[in-house]
Structures are given as structure tokens and as C-alpha cells.
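Below: the structure, in C-alpha cells.
The values are calculated or read from the model by the stated rules, or taken from the named source; none is laboratory data. These numbers were taken from a predicted model, which means no experiment stands behind them. Cβ placement follows ideal geometry from the backbone for every residue including glycine, while neighbour counts extend to all protein chains displayed. Ligands, DNA and RNA are excluded from the accessible area calculation, which covers all protein heavy atoms including side chains. Shrake-Rupley method; radii C 1.70, N 1.55, O 1.52, S 1.80 Å.
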Amino acid sequence: QVQLVESGGGLVQAGGSLRLSCAASGDTICISAMGWYRQAPGKEREQVAAIASGGSTYYTDSVKGRFTISRDNAKNTMYLQMNILKPEDTAVYYCNAEAIQNYYCSGILYWGQGTQVTVSS
């Protein structure tokens, strides 16, 4: 089992910055890729960014150049640095972690509980 806890959300004015953290615990040796999703009121959950175990990254178009995903494997923590925030970035942000599948690891996708990000105009 893997547990994920997000932190760092809050209220910020447009143009400001926030850094989200996702701390993993439990069977962290099972984790391969990790990512951030967000869900705004009345909208479907969308992928924001992802980072593979080797460090390669993915960003959805709307956040390219503004958000940076990173991970510190020694601390079992993933980050999302969000700059030049816009009101349309307002959402609950969730982290996830994909587990490898072998004799010990489950191969399932784990989710955190979410952290609210609100950007005022």
C-alpha cells in the first residue's frame, strides 16, 4: 500500500505562485510514475503534469511554461511549482502514484485526498 498526502494549497492572487507537495509513504519502492491532476467545480478531472521514475515530464498545454513538476526520490516527495497563476487554475489538485506490478507491488494507481487551490482575479 502507498499513502499520498498533498499540501501547499491555498488562496493566491492572479499572477502569484504556490508550490504543492505530495508526500508518499508505505511501499514507496513500488512507485514508478507520479502525477498531478486537478478538478474544477462542474468539470471533469484533468491531468496537469506527470513525471516518470527516470525524470521525464509531461505537461498539459494550459500550464506549459508556468508549472514545473519535480520529485525528490530520497524524500519520497513530488512537487508542483505553479507560477503566474490564473483564475482558471482554481481547482482541487490531486497527486497520484502508479505502482509497478510484480510479486510484491500491486500495480494499481494511488490517489491523495486533494488540496484546494484558489486563484482570485
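Just give me the residues in segment 36-59 being among the polar types (S, T, N, Q) and either under 10 Å from the mean Cα position of the chain (by Cα) or closer than 19 Å to Gln116 by Cα (or both), in sequence order. Don't jump to the end; show me each part of the working.
Of the residues in segment 36-59, the ones among the polar types (S, T, N, Q) are 39, 47, 53, 56-57.
Result: Gln39, Gln47.
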Next item on the list: Can you confirm whether segment 1-11 contains a residue that is open to solvent by 20 Å² or more (accessible area, probe 1.4 Å) and at pLDDT below 95?
Entry: yes
Check: When only residues in segment 15-49 that are open to solvent by 20 Å² or more (accessible area, probe 1.4 Å), in a strand (DSSP E or B) and hydrophobic (A, V, I, L, M, F, W, C) count, which is farthest from Asn96 (Cα to Cα)?
Finding: Leu18
Notebook entry, point to check: Can you find even one residue in segment 48-69 that is in contact (Cβ under 8 Å) with a residue 40 or more places away in the chain and not β-branched (Val, Ile, Thr)?
Noted result: no
